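Comments concern the structure below.
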């Protein structure tokens, strides 16, 4: 039987160490923002108080909505409605304007009227894209950086398994009162093993979700270079013809929706609802109406069915359901998106995400602790990694708190140098994050404690500002049915408490140099 | 031990990274293309063939990267990765 040689173990240790040091900050940022994204709809309700609507199971008439949307939207080639649900109680409404800009609104499900909402990208518009692309849109560079970090994470997980000789024994060993270096490694091992399947699933499924971006040649080559054909066969996309220039009234969208759901339900054997209603070329003879069950509430799988209807006649022109292997792939992707209705699992995902953050942070911290006595005062590289670690871990958490505070403090009509309110919130995030790196570079080890105190203060401040600037605080919110707001406040307070405890421990710590003779990961 | 990554100079480490991440990317991309062309020949739908190849791609990519970190013959093994990638590209183009 092949044995793991010391040589191989050293090579894995080398890869584990340096991939972690180089990409650890990106991995932490992605995991942190991904963890927040699990509750993005709830964060949206907290940050955009006008969308704090108590959901009821009323049937929305899309014929009625189409009749009352603004004329510019009706003339659009692309009108998109997201069906309201418990977690997204407002109707999502997007359309492409004549100048090709996308307009994003929320409609009141009771009246169909646009909600006058706070200008904020909130969780779905900031935390979610940040964890995909770091908000670096140029040439999709951010997506590639995140993709590389995801691949590196898989390599780190596998190499980590090879490094540890007694991995099961190490799982049961956590000695928080030992020297800081030993305790850091124990916590790294514990947090790594406890969520290992989850940590494999997240980067694997994340890379799979963006396969069309990451492997365009490989996919299109299989379809003789025709990427549209690949999308059509694998995702049910429909190539919509251009406007004909001939006007034609649209048949009943509600009737088409009922027909699509009846078809899908018959195929599945259980009721299947549509999540997305899209009208293309509205008012034209080439109008098309497109329905998709993007996020089923009762199944993990993603975008199982697509139905496309001819707009003027209401005739079904395409009924797509995922083929068997496509369904397996969509299941893995659905496990990443976690949009199905399972609250205990959602909280487990949240804990898994935080566990991943702990694993990454303790890994970076252990690198510092292992070299502290040799390099702390002599090496510029050490100081750079130290500042990046502090800013990348506690700094991004503090910047997130500042983002929430800015959301509650900025006036509704705030603008600065051509940047609107939503943009200003994001500027606050970046400025505070940058500030934490500078703070860490100057104060070094002491910055940990101070930034933890700042996180605690930010959490409490955000909760107080929510109570002061909206009609809900965490007590009244739960009574009035706004559970998302109440839970968000409670999580903020719990996070503030945890940050304060950490700050106290860090401030009290007097022995930063713990150096046992030999550690298994060295 | 001679040849191990921890004793490598910068040039060999850069080669390992390029061969692992870059060569691995080329190989995986070619693997998806070739699978998408070959599997339909035995009756699998083309979309399913590509979906299957995409799911398997990471099971190919990660070991290639690990191999390039671990090998004591990075030049030989890196060239082998590139050779397999080239062969798969040719296969995808010929079929």
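A short reminder: the numbers here are calculations on the coordinates, not readings from a lab. Worth saying up front: this structure is predicted, and the values here are computed from it rather than measured. No Cβ is skipped: glycine too gets one built from the backbone with ideal geometry, and neighbour counts run over all protein chains shown.
Details
- log10 of Debye I(q)/I(0), alpha-carbon scatterers only, for the protein assembly as shown at 0.10, 0.11 Å⁻¹: -1.02, -1.20
- All Cα pairs of segment A:412-467, percent lying beyond 16 Å: 58 percent
- The simple spin-label model puts a point 7 Å past each Cα toward its Cβ; for residue A:172 and residue A:437 those points are separated by 4.4 nm.
- Estimated from helices alone, the mean residue ellipticity of chain B at 222 nm is -24500 deg cm²/dmol (sum of -39500 (n - 2.57) over DSSP H runs with n ≥ 4, per residue).
- Taking the longest Cα principal axis of chain A as reference, the axis of helix A:343-375 is set at about 30 degrees.
- Likely footprinting exposure, A:284, A:413, A:310, fewest C-beta neighbours within 10 Å first: A:413, A:310, A:284
- For segment A:106-146, the spread of Cα positions along the three principal axes, ordered from largest to smallest, is 43, 14, 13 Å.
- Acute angle (nearest 10 degrees) that the helix A:141-163 long axis makes with the longest principal axis of chain A, alpha-carbon atoms: 50 degrees
- Relative contact order %, segment A:266-425, counting alpha carbon pairs below 8 Å whose residues are six or more apart: 12 percent
- Per residue of peptide A:152-160, the mean number of Cβ atoms on other chains within 10 Å of the residue Cβ is 3.
- Based on C-alpha pairs under 8 angstrom that are at least 6 apart in sequence, segment B:25-94 has a relative contact order of 51 percent.
- Sorted fewest first by neighbouring Cβ atoms within 10 angstrom, A:304, A:50 come out as A:50, A:304.
- Each residue, residue A:244 and residue A:56, gets one label point 7 Å from its Cα in the Cβ direction; the gap between the two is 4.2 nm.
- When only Cα pairs below 8 angstrom with a gap of at least 6 residues are kept, segment A:290-342 shows a relative contact order of 39 percent.
- Calculated on C-alpha atoms, the gyration radius of segment A:1-153 divided by its Kirkwood radius gives an Rg/Rh of 1.18.
- When A:264, A:430 are arranged by Cβ crowding within 10 Å, least crowded first, meaning fewest neighbours, the order is A:430, A:264.
- With N counted as the residues of segment B:25-94, its alpha-carbon radius of gyration over 2.2 N^0.38 Å works out to 1.19.
- Kirkwood-Stokes translational diffusion coefficient of segment A:392-487, alpha-carbon pairs, 4 °C, 1.567 mPa s, µm²/s: 89 µm²/s
- Cα-based helix-to-principal-axis angle, A:253-268 vs chain A, degrees rounded to 10: 60 degrees
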